[in-house]
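Values in this text are rule-based calculations from the coordinates and carry no lab data. Model, not experiment: these values are computed from the prediction. No Cβ is skipped: glycine too gets one built from the backbone with ideal geometry, and neighbour counts run over all protein chains shown.
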């Protein structure tokens, strides 16, 4: 188990966020930090979690806490993991590798995105084949099969199928910033880069961020300005039961469906034979008019608890947020932005800092309410 060591200069995720905002170009920070449309659901995700209240029992006998959590046959040292984020290397060079290494050291799961900036094989090696792989479903079955084979051959135990991006979100900040793939070098963006020399130098050393997993499939001689059009066309594969069944037939490991937001989809996932779901709205980046993730969890948990592993991401920024989510019935939690704020703020040490903060905060909550095991947090929920 990795030791919890927290740099006192940045003792919370908001402190890391503030530092990251000053350390990376605005177009990169707003890509990480922002949501779709008017960012209603981005804010609601967190605010709804923080309406939850936990009941302490101060006079109980107490033997200390154990945060270890079993999931799909693997015992993790904490009940949370690192959610997939695309283009992590844009936010900070080699961020994917930094977070994969931190996840390994702290024994928590790391999910690699299809559009991450390190390839399948590299992350598998860093994590000793314990990382999960998230599949953006391609429009063409041939590309899907190639990606599945690579993930299988690299030893990934869990496949995450992404369902909540049937169309790309409308994000005004990214449009205003000219955030293409790769970013357009407009005058404003160049000025932002010049104002952040540490980021610029680190990026120069590491090289321009690329979709490393997808690199073998990009057309030769592809003009960079057309890369975005290629990506939109290649990953326009909306999920349905038939497509998921084909993946279920191929994949020999565990399968998780990410983006579930209704009882109807939960029933379909169970019928297909999915092993787990992640309640998610893509961090508020896709549908402003939708429910917050914690509201969806509350709607479905009583009907589906015990029938399938139910996890959640989107909106959590702290240990108390994780505790509230687990108390609401989730078996496990995934966070994305919290870890990227750490890397943006502290570079190589940022992953360890973020994980340590979240562990320590969650530990404090469990000690405060007199909860010894993660599974018992639900007994502290005030309904």
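For the options 101, 134, 192, a Gaussian network treatment of the chain with springs between C-alpha atoms closer than 10 Å singles out 192 as fluctuating the most.
Taking all Cα-Cα distances within region 309-383, those exceeding 15 Å account for 55%. Computed on the Cα atoms alone, the convex hull of region 98-155 gives a volume of 63 cubic angstrom per residue. Each principal axis of the Cα cloud of region 125-209 was evaluated for its coordinate range; sorted largest first, these ranges are 43, 32, 19 Å.
Could you order peptides 59-70, 147-158, 87-98, 353-364 by the average number of other Cβ atoms within 10 Å of their residues, highest first? Spell out each step's value before the answer.
Values: 59-70: 12.2, 147-158: 18.3, 87-98: 25.1, 353-364: 22.0.
Result, highest mean first: 87-98, 353-364, 147-158, 59-70.
Of all the options 301, 120, 111, the one that moves most in a Gaussian network model of the chain with Cα springs shorter than 10 angstrom is 301. The mean sequence separation of alpha-carbon pairs under 8 Å and at least six residues apart, normalised by the residue count of the chain, gives a relative contact order of 29 percent.
Listed by Cβ neighbour count within 10 Å, with the fewest neighbours leading, 238, 171 appear as 238, 171.
Between the beta carbons of residue 367 and residue 175, assuming R0 = 41 Å, the FRET efficiency works out to 0.35 to the nearest 0.05. Per residue, the chain reaches -13000 deg cm²/dmol at 222 nm when only DSSP H runs of four or more residues are counted, each adding -39500 (n - 2.57). Rg to Rh for region 258-307: what is it, with Cα atoms only and Rh by Kirkwood? Ratio of gyration radius to Kirkwood radius for region 258-307: 0.96.
Stretch residue 128-residue 233 to full length: gain in nm at 0.36 nm per residue minus the Cα-Cα span? Present the calculation step by step, with values, prior to reporting the outcome.
Numbers: separation 105, 0.36 × 105 = 37.80 nm, distance 3.34 nm.
In short, 34.5 nm is gained.
All Cα-Cα distances of region 1-122, cut into 10 Å bins from zero to the largest, leave 10, 28, 40, 18, 5, 0 percent in each bin in turn. The ranking of 366, 194 from fewest to most other beta carbons within 10 Å of each one's beta carbon is 194, 366.
Note on residue 105 and residue 70: their simple-model spin labels are 2.9 nm apart, each label 7 Å out from Cα toward Cβ. For the pair residue 250 and residue 77, label points projected 7 Å from Cα toward Cβ lie 3.5 nm apart.
Rounded to the nearest 5, what % of DSSP beta bridges with both residues in the chain are antiparallel?
Looking only at bridges with both residues in the chain, the antiparallel portion is about 15 percent.
Listing 383, 220 from fewest to most neighbouring C-beta atoms within 10 Å gives 220, 383.
Sorted largest first, the spans of the alpha carbon positions of the chain along the three principal axes are 67, 50, 40 Å. Dividing the radius of gyration of the alpha carbons in region 74-172 by their Kirkwood radius gives 0.97 for Rg/Rh.
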